[in-house]
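The values are calculated or read from the model by the stated rules, or taken from the named source; none is laboratory data. Being a predicted model, the structure only gives us computed values, none of them experimental. Neighbour counts are summed over all protein chains in view; Cβ atoms, including those assigned to glycine, are modelled from backbone coordinates with ideal geometry.
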Amino acid sequence: MAERQRLSHDAFAGEHPLPSLAEHVRARDPDRFLAALFAPAPHRETLFTLIAYNAELARARAAASNPLAALIRLQWWRDAIEEARAGKPPRRHEVAEPLHAAITAGALDADSLIALADAREAETEADGIPSAAAFAGYLRATAGGLAIAAARLLVADPAWLPLIERLGAGYGLAGVLRSVPHLARAGRCLLPVEPLAAVGLNCEAVWAAPDTAAPLIRAMAEEGGARLAEARAEARAMPRALLAATLPAVFASRDLARLARGAATPDARGLLDRAALITAGLRGRL
């Protein structure tokens, strides 16, 4: 009961002092921060490190003035990981230092971390993501890959990893669809080129008028929501220890349902969204 009260208080009130890394994660990725509170205590700090690293990768393109600069940022992180693997001193950076410690301690796998950086290169392609298949691969490698990395930290059993990848990819889909207007304002588009062309659009049209993509977004959200519902049903027997890696799927289901009916998806999580995730976490099932 005390643990439940602490989690609920942290999630809703935000008044407890947190270590600086946790504060960093709460600011950069509040969805996954809330999910990480349900991780077993011995793994929580490392999970925060993993999420913080992913947040750095996710902002590589947004923080860069051009695609080449984004690629340089991604390479910086690959180099930092290789240096940790080689036993070299950590780079001075609020995320690179704990990441180095987690790698050298064997808590996080360097190859998996590098794969997450590699997957973000799709966001720098001038011609966009070409096809629905390439887009699905991008979601599996980014949000799905992060979910797998988190699951490997939490539970050694690999049998659940394909399902966890699907749950993570569902969250990634919701994130992309939610972000279409925001990315358009920055002259970016992650919607796949071929499905856009099938409805008479291209990325330039979406940049100019994001609302023109609404029918495609609704269709993608409806299809993705159905797939995610199937994955969540399969996850009912999943070990409780894996919840922290999969709880963002609760947010994704709610987002995809809103997007499928053309409703607004607010930038900040409302009370009902957070309550849904916390309830799932306390019950121990998606």
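So which of ALA233, ALA249 ends up being out of contact with any Pro (no Cβ under 6 Å at 6 or more places or on another chain) and either buried (at least 17 other Cβ atoms within 10 Å of the Cβ) or of a type in the set (Phe, Trp, Tyr) (or both)?
ALA249
Filter the helices (runs of 4 or more DSSP H) completely within segment 39-138 down to those with at least 3 residues that are out of contact with any helix residue (DSSP H, G or I) (no Cβ under 8 Å at 6 or more places or on another chain).
So the answer is 67-85.
Yes or no, residue by residue, for (1) assigned to a loop (DSSP other than H, G, I, E, B); (2) in contact with a strand residue (DSSP E or B) (Cβ under 7 Å, 6 or more places away or on another chain); (3) more than 19 Å from PHE48 (Cβ to Cβ); (4) hydrophobic (A, V, I, L, M, F, W, C):
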| position | (1), (2), (3), (4) |
| --- | --- |
| ARG232 | no, no, yes, no |
| ALA241 | no, no, no, yes |
| ALA245 | no, no, no, yes |
| PHE251 | no, no, no, yes |
| PRO266 | yes, no, yes, no |
| ARG269 | yes, no, no, no |
| LEU272 | no, no, yes, yes |
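Do you know which of the residues in segment 202-213 that are small (Gly, Ala, Ser) and surrounded by 14 or more Cβ atoms within 10 Å (Cβ to Cβ) is nearest to GLY172 (Cα to Cα)?
ALA213
Of a type in the set (Lys, Arg) and more than 18 Å from the chain's Cα centre (by Cα): which single residue out of ARG166, ARG185, ARG178 fits that description?
Step by step, each of ARG166, ARG185, ARG178 is checked, and only ARG185 is of a type in the set (Lys, Arg) and more than 18 Å from the chain's Cα centre (by Cα).
Tell me yes or no: at least one residue of segment 193-205 is among the acidic types (Asp, Glu), in a helix (DSSP H, G or I) and in contact with a Phe, Trp or Tyr (Cβ under 7 Å, 6 or more places away or on another chain).
No: segment 193-205 contains no residue that is among the acidic types (Asp, Glu), in a helix (DSSP H, G or I) and in contact with a Phe, Trp or Tyr (Cβ under 7 Å, 6 or more places away or on another chain).
Could you figure out which of (1) surrounded by 15 or more Cβ atoms within 10 Å (Cβ to Cβ); (2) closer than 18 Å to ALA174 by Cα; (3) of a type outside the set (A, V, I, L, M); (4) without any contact (Cβ under 8 Å) to a residue 60 or more places away in the chain isn't true of ARG261?
That leaves (1) as the condition not met.
Pull up segment 264-286, narrow it to residues that are at pLDDT below 95, among the aliphatic types (A, V, I, L, M) and out of contact with any Leu (no Cβ under 9 Å at 6 or more places or on another chain), then point me to the one that is surrounded by the fewest Cβ atoms within 10 Å (Cβ to Cβ).
Checking each candidate, the answer is ALA268.
Can you tell which of VAL193, VAL155, VAL180 is farther than 17 Å from PRO248 by Cα, buried (at least 17 other Cβ atoms within 10 Å of the Cβ), of a type outside the set (Lys, Arg) and at pLDDT below 95?
VAL155
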